[in-house]
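Scroll down for the structure; my scribbles are underneath it.
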Amino acid sequence: MTKHALSTRLWHWLNVICVVTLFMSGLTISNAHRYLYWGDWGFSPSMAWYAVPRFPNWMTIPGRYNLAVARDWHILMAWPFAVGLLFMWIVMLANRHFQRDITTTRDEWRPKAIWKDIVEHLKLNFEHAGGKYNFLQKLAYGVVLGLFLPMMVFTGISISPGMEPSFGWLVDLLGGRQSARSLHFIFAWLLFAFFIVHIVLVLLSKPIEQIRSMITGGKTHEA
């Protein structure tokens with residue numbers, strides 16, 4: 001089979017567009033009120049647990065402070081982001097990609113095995129046998145697919161004025177609307193950190209081949 005299935009490649013590039021647009025428009029939205037709170041409500045700096053720095057225009061969409069336009073871009077990309085993630089999970093479970101390539105084994109969690117994988121990564125040696133991904137890759141992709149991306153969807157629903165009335169139970173589960181907003185901010189930056197590490201590792205590990213593989217599917221290999 002191909003190294004990267006067509007569904008994976010389509011979702012990957014759609015997700016790149018969605019995540020970048022959501023992040024940059026989200027920075028504009030953050031500039032509108034830079035204070036984060038826990039619980040159901042908050043409005044003054046004295047109640048905030050964190051004061052978010054103001055982001056420069058070059059980091060934001062639309063490239064100037066315009067809250068209405070930023071929200072339009074955010075909502076526009078939120079739907080393909082959420083639907084795309086649901087589609088990817090359905091496909092991964094249906095074709096066993098998640099179980100075959102991302103699920104970890106008990107042996108991989110042994111401290112000696114983890115340390116060996118870390119050492120190989122530090123040596124920029126990403127070759128591995130017995131599967132498509134090594135342990136650290138499985139762990140990273142599993143956390144992103146199973147936690148970071150779903151939490152962006154769930155917290156986004158919880159802080160959306162139009163969705164909150166129908167999902168009050170989700171707001172309560174996350175600790176209140178302001179808690180959901182704080183979590184949305186935290187997971188957005190965790191996702192950004194993963195994005196940066198991912199890009200750096202691609203650049204350090206045959207970038208042309210990696211990008212070509214994510215476009216064409218790459219070389220065939222045995223399952």
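The values are calculated or read from the model by the stated rules, or taken from the named source; none is laboratory data. Not measured: the values here are computed from a predicted model. Neighbour counts run over all protein chains shown; Cβ positions are idealised from the backbone, glycine included. Side chains are part of the model used for accessible areas, which takes the heavy atoms of the whole protein and leaves out ligands, DNA and RNA. Shrake-Rupley method; radii C 1.70, N 1.55, O 1.52, S 1.80 Å.
In the range 136-148, the residues that are surrounded by fewer than 16 Cβ atoms within 10 Å (Cβ to Cβ) form no Cβ pair under 9 Å with any partner that is of a type in the set (Lys, Arg), whether six or more places apart or across chains. Please indicate, with yes or no, whether at least one residue in the range 120-134 is within 19 Å of the chain's Cα centre (by Cα), in contact (Cβ under 8 Å) with a residue 24 or more places away in the chain and under 19 Å from ILE17 (Cα atoms). Scanning the range 120-134 turns up no residue that is within 19 Å of the chain's Cα centre (by Cα), in contact (Cβ under 8 Å) with a residue 24 or more places away in the chain and under 19 Å from ILE17 (Cα atoms).
Picking from residues in the range 33-58 that are open to solvent by less than 50 Å² (accessible area, probe 1.4 Å) and in contact (Cβ under 8 Å) with a residue 24 or more places away in the chain, the one that is nearest to GLY176 (Cα to Cα) is GLY39. Annotation: VAL83 fulfils all but one of (1) open to solvent by 70 Å² or more (accessible area, probe 1.4 Å); (2) farther than 27 Å from TYR141 by Cβ; the unmet one is (2).
On the stretch given as the range 173-213, residues that are under 28 Å from PHE154 (Cα atoms) and aliphatic (A, V, I, L, M) total 12.
Evaluating PHE43 against the criteria (1) under 28 Å from LEU173 (Cα atoms); (2) assigned to a helix (DSSP H, G or I); (3) not acidic (Asp, Glu) leaves one unmet condition, (2).
Restricting ALA94, ALA113 to those that are aliphatic (A, V, I, L, M) and surrounded by fewer than 12 Cβ atoms within 10 Å (Cβ to Cβ) reduces the list to ALA94.
Take the range 60-69 and flag every residue that is open to solvent by 50 Å² or more (accessible area, probe 1.4 Å) and in contact (Cβ under 8 Å) with a residue 12 or more places away in the chain. Across the range 60-69, the qualifying residue is only TYR65.
Scanning the range 1-22 for residues that are aromatic (Phe, Trp, Tyr) and open to solvent by less than 40 Å² (accessible area, probe 1.4 Å) yields a single hit, TRP11. Here VAL119 passes the criteria (1) β-branched (Val, Ile, Thr); (2) farther than 24 Å from ASN31 by Cα; (3) open to solvent by 100 Å² or more (accessible area, probe 1.4 Å) except the one numbered (3). Working only within the range 18-40, note down all residues that are over 25 Å from PHE98 (Cα atoms) and in a helix (DSSP H, G or I). Across the range 18-40, the qualifying residues are THR21, LEU22, PHE23, MET24, SER25, GLY26, LEU27, THR28, ILE29, SER30, ASN31, ALA32.
Kindly indicate whether ALA193 is closer than 21 Å to LEU124 by Cα and at pLDDT 95 or above. Yes: the conditions hold for ALA193. Return the pairs, sorted by first residue and then second, in which the second residue is of a type outside the set (Val, Ile, Thr) and open to solvent by less than 90 Å² (accessible area, probe 1.4 Å), the first residue lies in the range 195-218 and is in contact (Cβ under 8 Å) with a residue 12 or more places away in the chain and at positive phi, the beta carbons are less than 7 Å apart, and the residues are 6+ apart or on different chains. That search, which allows pairs on different chains as well, returns GLY217/LYS3; GLY217/HIS4; GLY217/ARG9; GLY218/LYS3; GLY218/HIS4.
ASN15 falls short on exactly one of the conditions (1) farther than 19 Å from HIS198 by Cβ; (2) outside any loop (DSSP other than H, G, I, E, B); (3) among the polar types (S, T, N, Q), and that condition is (1).
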